[in-house]
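Shown next, in structure tokens, is the structure this report addresses.
The values are calculated or read from the model by the stated rules, or taken from the named source; none is laboratory data. Keep in mind that what you see is a predicted model, and the values were worked out from it rather than measured. In this analysis, Cβ positions are derived from the backbone assuming ideal geometry, glycine residues included, and neighbour counts consider all displayed protein chains. Only protein heavy atoms, including side chains, enter the accessible area calculation; ligands, DNA and RNA are left aside. Shrake-Rupley method; radii C 1.70, N 1.55, O 1.52, S 1.80 Å.
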Amino acid sequence: PISVPGIGKIIEQRNNKFIKRGFDFKIMVVGASGLGKTTFMNTLFSYHLKDVDHQKPVLEKGKTVEIKEHSFEIKMRLTIVDTPGFGDRVNNDQCWEPIVNYIKKQYEDYLITESSVDRPFHFADKRVHLVLYFIAPTGHSLKPIDIIAMKNISEHANVVPIIAKSDHLTSEERESFKQRIKKEMAFNEIKLYPFDFPNENSVEELALNSKIRSFIPFAVVGSERFVLGNGNNKAGHGRKTRFGIINIEDETHCEFVPLKSFIMETHLQDLIDTTSKLHYENYRRHVLSSEDV
Ligand code: GDP
């Protein structure tokens, strides 16, 4: 996992308080179909998930609906929002729009509940806390649709890009693809999570953020299969590829473990706080100030 000296205690204290209270967490997965989104989410949560309705840790697939929600009960109330059909059409000019509309609709609902005279003391937080954006492992550059979609979505929510199915690339190809994507994202001024708040973050937290930024976009391999180890590989969740067997928990082959620790441990609360303090606040200010006019 990604770490810096002195951060462990800070995170532990923060998470202990937080988990005791209970919380909602909503992840949206965006990317063309077939990029391994369902597989990845099942890999990420297979150890924790229990589907409330079906009692099994499997995400149902649907190609006909634009946006699908799946709720799971774990220590947190987790909702995964799937976006089947993204980028599958001939004309994808506006295909990010339903996603942004969905995100804004959650803010709108939250604002209505929060502003009601007899608002409940505790109410469900249905806002999207994290958007995992899946990039195809082409090895070339970002597609125009990726740039425009990430740019628009990141104006409203925390976006973390991922190179999907990275077993299609050799480690050299993966590294140069990563560097090219980083450059393209910087050039297009895409505002990616995590954000630094120097007045609020400790030196350790800022150091951790910068370490995380060095990984972005995370190159991952998803697998729901257990593979046997051979040679240097340990047995575990893995995938047979043309380069041999990949154990997805082996950090030299796949950045699954650092990504999981980033989302589920070190930045879980920060994802929720940033949604509330930055994205929702921007929405709220925008809506309320335009109502004044
Ligand atoms: P989705 O449409 O984005 O949800 O994609 P799925 O999770 O259904 O995966 C589509 C296909 O790709 C399935 O056959 C998966 O087994 C396969 N797949 C998923 N993840 C990976 C990966 O990391 N590498 C490779 N090579 N195949 C993968």
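At a 1.4 Å probe radius, which order do VAL287, VAL221 fall into by accessible area, largest first? Numbers along the way, then the final one.
Details: VAL287 30, VAL221 0 Å².
Accessible-area ranking of VAL287, VAL221, largest first: VAL287, VAL221.
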By accessible area with a 1.4 Å probe, ligands and nucleic acids excluded, highest first: order of GLU97, GLU184: GLU97, GLU184
Please report the projected area of the stretch 117-158's Cα convex hull averaged over all directions, in nm². 4.5
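Report the extension gain between SER214 and SER276 in nm, rounded to one decimal, defined as 0.36 nm multiplied by the number of residues separating them, less their alpha carbon distance. Kindly include the intermediate steps, with their values, before the conclusion.
On the way: separation 62, 0.36 × 62 = 22.32 nm, distance 2.52 nm.
Once the chain is fully extended between SER214 and SER276, it gains 19.8 nm.
Full-extension gain between THR138 and VAL117, please, as 0.36 nm times their residue separation minus the C-alpha to C-alpha distance.
Numbers: separation 21, 0.36 × 21 = 7.56 nm, distance 5.23 nm.
Answer, rounded to one decimal: 2.3 nm.
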Place the peptides 125-138, 99-112, 195-208 in order of packing, highest mean first, counting for every residue the other Cβ atoms within 10 Å and averaging per peptide. 125-138, 99-112, 195-208
PRE reach from ASN152 (point 7 Å along Cα→Cβ): which of the stretch 91-120 fall under 16 Å by backbone N? 91-105
What is the sum of charges around ARG174, taking Lys and Arg as +1, Asp and Glu as -1, for the other residues whose C-beta is under 12 Å from the C-beta of ARG174? -2
Amide hydrogen neighbours beyond the local backbone of ASN158, cut-off 5 Å, H modeled: VAL131
